[in-house]
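Participant: Pasting in a structure now, in structure tokens, and then I'll have a few things to ask.
Just so you know, all these numbers are worked out from the coordinates, no wet-lab data involved. Computed from a predicted model, the values in this text were never measured in an experiment. Neighbour counts run over all protein chains shown; Cβ positions are idealised from the backbone, glycine included.
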Amino acid sequence: MTVQKATNIKWHHGKITKDDRVNLMKQKGVTIWLTGLSGSGKSTIAVELEHALLENKHLAYILDGDNIRHGLNKNLGFSPEDRTENIRRIGEVAKLFTDANMIAITAFISPYRQDRDNVRKLLKDGEFIEIYIKCPIEVCEQRDTKGLYKKARAGEVKEFTGISAPYEEPLHPELTVDTSKMTVDESTRAVLNYLEAKGYVKF
């Protein structure tokens, strides 16, 4: 965890409560954390999920791994330390979105359990949904539109998750979606059904 360097600061509270936002927006803010190997379908599902939620008048926003590295985290690489900092930062952003009663959809490999658990600890009970986008590595390689697995196996890409760097599967995710057996539509529907069943949204 990064050490707090700023001093003489305090948290400022507004007049609007979380309940005020829930009543206004007709949804409950939550962070949906999609984790899985490169090529498992995280970003694809995130895009379809965001679209489906907005079509049904629910406010959602995607925080995507590649997109975040173009801006907020452009100074980070893929070492274990940088991966941890990458997830820490996006966890703090997701927390702000959730506090604003948005549905934050994150699509990050986030290979280390401890990093994902640390994000969970940032949020209140019920505000973090870990979804394991499960897919065998051989299927992910077949979908490899970026050619990253091929480069990783050739040693051209270092510290590549699943090849030269580890991926720690979630032990107790709220939901597991196996994209080697489910279509994109089926996978998206599974997430939507979970959100509705748990009272985050109404359709």
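Participant: Provide the convex hull volume over Cα atoms per residue for the chain, in Å³. The partial results should precede the final answer.
Facilitator: On the way: hull volume 26.0 nm³, N = 203.
That works out to 128 Å³ per residue.
Participant: So for the chain, averaging the separation of alpha carbon pairs under 8 Å that are six or more residues apart and normalising by length, what relative contact order in percent results? Present the calculation step by step, with values, prior to reporting the outcome.
Facilitator: Details: 287 pairs, mean separation 62.4, N = 203.
Rounded, it is 31 percent for the chain.
Participant: What is the calculated FRET efficiency for residue 24 to residue 198, with r their C-beta to C-beta distance and R₀ = 22 Å, to the nearest 0.05?
Facilitator: On the way: r = 20 Å, r/R0 = 0.91.
It comes out at approximately 0.65.
Participant: log₁₀ I(q)/I(0) of the range 84-203 at q = 0.13, 0.23 Å⁻¹, via Debye over equal Cα point scatterers, no solvent, to two decimals?
Facilitator: The calculated log intensity ratios at q = 0.13, 0.23 Å⁻¹ are -0.62, -1.42.
Participant: For the range 134-192, just list the percent of Cα-Cα distances falling in each 5 Å bin from zero outward, please.
Facilitator: For the range 134-192, the pair-distance distribution reads 4, 16, 21, 21, 17, 13, 7, 1.
Participant: Here's another thing I want to ask about it. Based on Cα positions only, what radius of gyration and what Dmax would you give for the range 49-94, in angstroms?
Facilitator: 13.2, 40
Participant: List the equivalent ellipsoid semi-axes of the range 15-72 in whole Å, largest first, each obtained as the square root of 5λ for an eigenvalue λ of the Cα gyration tensor. Each step should come with its number before you reach the end.
Facilitator: Values: eigenvalues 135, 41, 19 Å².
Taking √(5λ) for each eigenvalue gives 26, 14, 10 Å, largest first.
Participant: So what's the gap between the Cα centers of the range 185-200 and the range 77-117, to the nearest angstrom?
Facilitator: Distance between centres, Cα-based: 21 Å.
Participant: Are there trypsin sites (Lys or Arg not before Pro) in the range 105-203 that DSSP marks as loop and that have at most 14 other Cβ atoms within 10 Å, and which are they?
Facilitator: Here the sparse-neighbourhood loop sites are 124, 146, 158, 181, 198, 202.
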